[in-house]
Each structure stands twice: as C-alpha cells, then as structure tokens.
Amino acid sequence: MKAHNFNAGPCVLPKPVIESAIEAIKNFDNTGIGVLEISHRSPGWERIMEETEALWRELLQIPDNYRVIFLGGGASTQFYTIAANLLGKKAAYLQTGVWAKKAIKEAKLYGEVEIVASSEEKNYTYIPKGYNVPLDADYLHITTNNTIYGTEIKEDFDCPIMLVADMSSDIMSRPIDVAKYGLIYGGAQKNVGPAGVTFVIIREDILGKVDRTLPTMVDYRTHIKESSMFNTPPVFPIFVMHETLKWIKELGGLKEMNRINSEKAELLYSEIDRNPMFTGTAEKADRSIMNICFVMSESYKEKEADFMAFAKSRGMIGIKGHRSVGGFRASLYNACPLESVQALVDCMRTFEQENI
Ligand SMILES: *Cc1c(COP(=O)(O)O)cnc(C)c1O
C-alpha cells in the first residue's frame, strides 16, 4: 500500500531530494566521503552554502540589502533572538495561534509587548483584521501561516512599522514581496527541508539599534559577517534544503509552486464543503493552503475514530488534528503530491458512501 504523508512537520520531502541525500551520505561531491563526514570548511561545502543562499535569493527575489542566514535551534530560538536584536522598548504582536503566543512570551523578556489583536477567543479560527498598529513599536510580528489552526495571511500587506514574519509553514509556497518585511524566519522542516536548520532573511539596516549587549551567538551580525559559518552549521539539513530548493526551481519556481498548492487545497476544501460528514474549522476567507483542518460534522461526531481507522487502512499518515483543535489536519506542503490529496478525497467519498 502506498503511504500518503500529511504530517505537519517534519513532513514529506520530494522523492528526488531523498535520493540525492542518500547518495550524498555515501559520497559527497565525488570526494569519496559522505556529507555527514566532510569538513564544513572544505571547498565543496562552501559551494553548497553559496548555492543555497543564491537559490533563496533567486526563488524569493530577495533584494540586495537583505541577507539570508542559516542557523540551528529551530524557529522557537528565533522567538527570543528577534526580540533581543530588534526590541528597544516596545514591540507589537498579532496573536493568531500558539506559535504567536510563544513568540510573545519570549519577547516580553526584552521589553513591552502590545498584542494588537488576538483570535484566541474563537480558538484561532480566523485572522483578526482592522486592528491598530502602534507607531511607537519597533516592529509588528505576524505568523503568516498558523500550522495548527489552518489559517493563513495570504497577502504581503503594507505596515506602517517594520514587519517581522514567522513563515515557518508557508515559506516558498508562493511568491512573496520580501521588501515589505524587515525580517522573515522559520524552521525548514515544513517546506524547505528536514528539521535542524532555521532560515532568517534580514534587512541589514535594522540591526545594531538596541542598546543591550548580545551574546555572540544571539547577535545576527555574527552570522551575517561569517556567512552562517561562525560555528559549525547544520551541514546535513542545509544540504537537504539545497536539494529541495533546486527541486522547487526545476518545477518552475514559486508561481508554479503556488499554482500546484492552490489546486491541491481547492481539491480538498471542495470535498470538505461538499461532503455532509465533514466540516472545515477555519473561517473560509482565512483558510490556509498548507494546513487544512476539518472535523466530523455535528451529526457524525461519533464516526471520528472510524474515519481515522478507515483513512489509516488506506495509507493516510499524519491526518490527526492537533490536540487543541481535534478532528483532522492534512498538511499539503510543497512536496505533498496531488495524487495523495486525491487519495484522501477518495477516502472521504468512500467513507460517505459506506456510512450515509
Ligand atoms: C513548526 C512551527 C514553529 C516551531 O518551529 P521549531 O523549528 O520546531 O522551533 C514555529 N512557528 C510556526 C508557524 C510553526 O509552524
């Protein structure tokens, strides 16, 4: 039976990327030794680092006054690193889920935090709109895609103050206007690689404006100056990211990625909306094209465990919803093929036919 991987992260990677990673573990760049064993100061590796940054710049059309760095520690480490580097007195945060809430908690260690709006009262099923952005804040932090709740800010909006975005779960799913942001960051393990590497895209002029003394590793300038090689970078995750970005480029780049992703999301959402047994949990206008959350409709609540078992028997992996939402969540990241989404939809249809 074919496995269809809908895990939320770490998640499915493109098949050719896996093949190339296996090869590189055995023999990297014709050196006779594997990528897990090479020196990160070897010329072959330096080329991978340069190409990886170049692929980021090319795919996202990153302007010259931005730098891209690759770090360890996951997006969660950035929650405090961002505040340490950028929060002088006050920062603004949009609270659209638990990841945003965790970022808020860390920012509070460095100064005042104003929560401009929160959708917590409705279990984060929508993206708040029409809030005021305090002009005296150093930045507004947003989470563009709320992995757990399946909501997404799909447009790069104009913000009167610097915009900082956690794009962990929708980076490279569509073209973005990087110039609208001061800083963009995320863990690679959803759309650009395996767990273990974090990307940070920073406009250079925003740094060096806070008074506090920063530990060397926390100061973004350290990693910019040393091109992410101040200390040993996460070599293998970066290699897999390099291969993943090459795969995205070969597919046609982010416009094409977005076309494919929209088609997959549309396929599943229309089944959720058509099938009387299922109901989507996110407000329609704010639906994510990456993480699709749904539950059994009120009259079929008792069928939840049955559907889970049925889906499992047909090869569906990772469709259990996050414990704070319940029900189901299918993550349709870049590497999730259309045929997997079709298999899930077929599964929902068959379940309907067998149960109604
Ligand atoms: C997964 C995720 C995180 C946490 O990433 P780690 O790399 O595990 O720290 C943060 N924000 C969002 C939106 C996520 O989806």
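The values are calculated or read from the model by the stated rules, or taken from the named source; none is laboratory data. Only a predicted model underlies this, so the values are computations on that prediction, with no experimental measurement involved. Quick reminder, even Gly has a Cβ in these numbers, built from the backbone with ideal geometry, and neighbours come from all protein chains shown. Side chains included, ligands, DNA and RNA excluded: accessible areas come from the protein's heavy atoms. Shrake-Rupley method; radii C 1.70, N 1.55, O 1.52, S 1.80 Å.
Note on the range 254-355: with charges restricted to the Cβ of Lys and Arg (+1) and Asp and Glu (-1), its dipole about the Cα centre is near 300 debye. Only protein heavy atoms count here; on that basis, with a 1.4 Å probe, residue 180 has an accessible area of about 60 Å².
Starting from the 7 Å offset along Cα-to-Cβ, what nm value, one decimal, do you get for the label separation of residue 222 and residue 105? The two pseudo-label positions are separated by 2.4 nm. For residue 303, the aspartates and glutamates whose Cα comes closer than 18 Å to its Cα, not counting residues fewer than 8 places off in the same chain, are 271, 273, 346, 352, 354. Considering helices alone, the calculated mean residue ellipticity of the chain at 222 nm is -11500 deg cm²/dmol, with DSSP H runs of length four and up weighted by -39500 (n - 2.57) and normalised per residue. Between residue 47 and residue 284, full extension at 0.36 nm per residue minus the direct alpha carbon distance yields a gain of 80.9 nm.
Calculate how many DSSP beta bridges within the chain are antiparallel, expressed in % of all such bridges and rounded to the nearest 5. Of the beta bridges lying entirely in the chain, close to 55 percent run antiparallel. Under 17 Å from a point placed 7 Å out from the Cα of residue 114 along the Cα-to-Cβ direction: which residues of the range 147-184 have their backbone N that close? The answer is 159-164, whose backbone nitrogens lie closer than 17 Å to the label point.
For the range 160-198 and the range 126-151, write down the distance between their C-alpha centroids in whole Å. Cα centroid of the range 160-198 versus Cα centroid of the range 126-151: 14 Å apart.
For the chain, the share of accessible area belonging to carbon and sulfur comes to 51 percent (1.4 Å probe, ligands and nucleic acids excluded). Estimated from the Cβ-Cβ distance and a Förster radius of 35 angstrom, the FRET efficiency linking residue 54 and residue 161 is about 0.70.
Pairs of C-alpha atoms in the chain farther apart than 29 Å represent 42 percent of all such pairs. Among the listed pairs 108/301; 108/154; 102/320; 2/102; 105/190, those whose Cα-Cα separation exceeds 31 Å are 108/301; 2/102.
Judged by the mean number of other Cβ atoms found within 10 Å, the most tightly packed of the peptides 120-133, 220-233 leads the ranking 220-233, 120-133. Shape descriptor for the range 1-43: Rg over Rh equals 1.15 (Cα atoms; Rh from the Kirkwood inverse mean 1/r).
In order along the range 331-342, the phi-based Karplus estimate (6.51 cos²θ - 1.76 cosθ + 1.60, θ = phi - 60°) of 3J(HN,Hα) comes to 9, 9, 4, 2, 7, 7, x, 3, 5, 5, 5, 4 Hz; Gly and Pro are listed as x.
Summed over the residues of the chain and divided among them, the accessible surface reaches 42 Å² per residue at a probe radius of 1.4 Å.
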